[in-house]
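Chemist: Please see the structure below; I have some questions.
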Amino acid sequence: MTDSTTARTAPRTGSRSGPRMPSRRVLVAILLGVIPLSQAPIDIYTPAIPTMITELDTTSTLVQTSVAVYVLGMSLGLIPVGVIADAKGRRPTLLACLALLLVTSVGIAFANDIAVLLVLRFFQGVGGCACMVLVYAIAADTTSGPKLTSLSGLLGASWGLAPVIAPAIGGFLVGAVTWRGIFVLVAVLAGLALLVVWRMLPETLDPARAQPVVPKAIIRVLGTTLRRKIFVGLTLAFAVFASAQLLFGIIAPLIYQKTLGLSAYEYGAIALVIGAANLGGELATGAFATRLSSRVIGFSAFAFFVAGTAVLLVSGLTVGPDILLITIGGMLVMLGCGALCPLAYGLALGLFDRNLGLIGGLASAVCYLVVAATMAGAAVLPDRDQVPLSLVYVGCAVVGALLLALCLRPRVPDPPAEVTPA
């Protein structure tokens, strides 16, 4: 296994085992379709949390913890999945993980005990993690430079479709077929993705870049990678704003439904609007990555995040829970997070040209360990109004500002060339 410190310079294509390489548009379409399956199991059932508490005869803390357990499964599975994908290939690893996602989703749909549900949620997270880390690894196998950052924005937008659409779908299903039907839908989607990947997605890992599973070499690569301060900073920035993004999805259903008295249907409609703002931020990164500097994009997005945090905090301290103000604040926060997450992840992955599965797994693992800790804390966070949530966002803003300032420094122009007198 080779140390991964080489800057990326040109797009690559990998081997052609399995199906033939499709056109660029078809390949991107496949990636855009697979990546939401990492996020959908987090968001799609959040409107059903109040119902699940009653039906499973358990506490709100344990049901909310099911989100953290899924994220923990993701975070612990990311590096092993990345290592296996670097050694055995992207395609077989993704197929195996999609199968795990399918089986665990079916199991959750029939679970009658919260302990069983939590165990299955952990392994569901292990399966779901591949839908993100391997999609980005395939993108990095075939794209580089600003185009990779742009594609990362598009992938982030597709990933962001989950918090846009999933809560609305979940809000409808919980009233129509109960929360169990929500996980049946996840299983169906995993099955469809499994079929598409099996029939249409080739292996993109170049055999010459395959890395055998050698523990000492893996540790060396991880050590070399973690010594790159810019990588660590970008990864932590990704973690901070991903935590802020997912935190809203856990706290908001309880504020809207328990405090404000909205139905699951009504919350689903509001979540659709807030999620659309998140999607807009991700699309903006994809659209502007090749036109504007990363610094301009990053701090513009951060300004929206700060504005949303201010709306939530001030409104919570002055007028209390208010549907309009919480929604406006949430939209601004999600717009900022939507742009910042794919920007930070794309820049971090773009620093390397080898071991992309391992390095992508490392970046994602660090991120989701932070997210898991945040989600576990959110389970005991007061949910009567938006003040506790906004105070967490204040902390995210302080840490995020420092990381962005360190990682997105202005470019130093090249010195003018010397002119030799004739």
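The values are calculated or read from the model by the stated rules, or taken from the named source; none is laboratory data. A quick note: this is a predicted structure, and the numbers were derived from the prediction, not measured. Cβ coordinates were reconstructed from backbone atoms using ideal geometry, including for glycine residues, and neighbour counts include every protein chain displayed. Remember, those area values only see protein heavy atoms, side chains included, never the ligands or the DNA or RNA. Shrake-Rupley method; radii C 1.70, N 1.55, O 1.52, S 1.80 Å.
Chemist: Filtering segment 49-66 down to residues that are modelled with pLDDT under 85 and of a type outside the set (S, T, N, Q), which residue is surrounded by the most Cβ atoms within 10 Å (Cβ to Cβ)?
Modeler: The qualifying residue surrounded by the most Cβ atoms within 10 Å (Cβ to Cβ) is 49.
Chemist: While we're looking at this one, here's another question. Quick one: what pairs do we get from segment 380-402, first residue outside any helix (DSSP H, G or I), second surrounded by 16 or more Cβ atoms within 10 Å (Cβ to Cβ) and among the small types (Gly, Ala, Ser), C-beta under 6 Å, 6+ apart or different chains?
Modeler: From segment 380-402, the pairs are 385/316; 386/316.
Chemist: Given 49, 42, 53, 30, which one is free of Cβ contacts under 8 Å to residues at least 60 places away in the same chain, hydrophobic (A, V, I, L, M, F, W, C) and part of a helix (DSSP H, G or I)?
Modeler: The unique qualifying residue is 53.
Chemist: Which residue pairs have Cβ atoms under 8 Å apart, sit 6 or more places apart or on different chains, and have a first residue in segment 327-349 that is in contact (Cβ under 8 Å) with a residue 24 or more places away in the chain and a second that is open to solvent by 10 Å² or more (accessible area, probe 1.4 Å) and not in a helix (DSSP H, G or I)?
Modeler: Cβ pairs passing all conditions: 343/289; 346/289.
Chemist: Go through 189, 201, 173, 134 for me and flag whichever is farther than 20 Å from residue 363 by Cβ, open to solvent by less than 10 Å² (accessible area, probe 1.4 Å) and touching a helix residue (DSSP H, G or I) at 6+ places or on another chain (Cβ under 7 Å).
Modeler: Exactly one of 189, 201, 173, 134 is farther than 20 Å from residue 363 by Cβ, open to solvent by less than 10 Å² (accessible area, probe 1.4 Å) and touching a helix residue (DSSP H, G or I) at 6+ places or on another chain (Cβ under 7 Å), namely 201.
Chemist: Residue 261 is checked against (1) among the small types (Gly, Ala, Ser); (2) closer than 17 Å to residue 390 by Cα; (3) at pLDDT 85 or above and fails just one. What number does that condition carry?
Modeler: With respect to (1) among the small types (Gly, Ala, Ser); (2) closer than 17 Å to residue 390 by Cα; (3) at pLDDT 85 or above, residue 261 is out only on (2).
Chemist: Considering segment 236-292 alone, what residues qualify as being of a type in the set (Asp, Glu) and closer than 15 Å to residue 326 by Cα?
Modeler: Across segment 236-292, the qualifying residue is only 266.
Chemist: Whether any residue in segment 260-271 is in contact (Cβ under 8 Å) with a residue 12 or more places away in the chain, closer than 20 Å to residue 367 by Cβ and either crowded, with 23+ Cβ neighbours inside 10 Å or in contact with a Gly (Cβ under 7 Å, 6 or more places away or on another chain) (or both) is what I want to check.
Modeler: There is no residue in segment 260-271 that is in contact (Cβ under 8 Å) with a residue 12 or more places away in the chain, closer than 20 Å to residue 367 by Cβ and either crowded, with 23+ Cβ neighbours inside 10 Å or in contact with a Gly (Cβ under 7 Å, 6 or more places away or on another chain) (or both).
Chemist: Restricting attention to segment 313-320, does a residue exist that is in contact with a Gly (Cβ under 7 Å, 6 or more places away or on another chain), crowded, with 24+ Cβ neighbours inside 10 Å and of a type outside the set (A, V, I, L, M, F, W, C)?
Modeler: Scanning segment 313-320 turns up no residue that is in contact with a Gly (Cβ under 7 Å, 6 or more places away or on another chain), crowded, with 24+ Cβ neighbours inside 10 Å and of a type outside the set (A, V, I, L, M, F, W, C).
Chemist: Quick check, is residue 155 open to solvent by 10 Å² or more (accessible area, probe 1.4 Å) and either in a helix (DSSP H, G or I) or within 23 Å of residue 350 (Cβ to Cβ) (or both)?
Modeler: So residue 155 does not fit the description; no.
Chemist: Please find, within segment 387-406, the residue that is surrounded by the fewest Cβ atoms within 10 Å (Cβ to Cβ) out of those that are within 21 Å of the chain's Cα centre (by Cα) and within 11 Å of residue 299 (Cβ to Cβ).
Modeler: 401
Chemist: Still on this structure, please answer the following. Tally up the residues in segment 290-321 that are in a loop (DSSP other than H, G, I, E, B), out of contact with any helix residue (DSSP H, G or I) (no Cβ under 6 Å at 6 or more places or on another chain) and either touching a residue at least 12 places away in the same chain (Cβ under 8 Å) or among the aromatic types (Phe, Trp, Tyr) (or both), please.
Modeler: Adding up the residues that qualify gives 2.
Chemist: Can you run down the residue pairs with Cβ atoms below 7 Å, 6 or more apart or on separate chains, where the first is in segment 91-110 and free of Cβ contacts under 8 Å to residues at least 40 places away in the same chain and the partner is polar (S, T, N, Q)?
Modeler: Filtered contacts from segment 91-110: 104/124.
Chemist: Right, next: Please determine whether any residue of segment 107-124 is polar (S, T, N, Q), modelled with pLDDT of 80 or more, open to solvent by less than 30 Å² (accessible area, probe 1.4 Å) and under 30 Å from residue 289 (Cβ atoms).
Modeler: The answer is no, given that none of the residues of segment 107-124 is polar (S, T, N, Q), modelled with pLDDT of 80 or more, open to solvent by less than 30 Å² (accessible area, probe 1.4 Å) and under 30 Å from residue 289 (Cβ atoms).
Chemist: Still on this model: Do you know which residues across segment 88-137 are in contact with a Gly (Cβ under 8 Å, 6 or more places away or on another chain) and aromatic (Phe, Trp, Tyr)?
Modeler: Across segment 88-137, the qualifying residues are 122, 123, 136.
Chemist: Conditions first: (1) within 26 Å of residue 256 (Cα to Cα); (2) modelled with pLDDT under 85. Residue 390 passes all but one, so which condition is the exception?
Modeler: So the condition that residue 390 fails would be (2).
Chemist: Is there a residue being of a type in the set (A, V, I, L, M), part of a helix (DSSP H, G or I), modelled with pLDDT of 90 or more and over 26 Å from residue 271 (Cβ atoms) anywhere in segment 337-348?
Modeler: No, segment 337-348 has no match at all.
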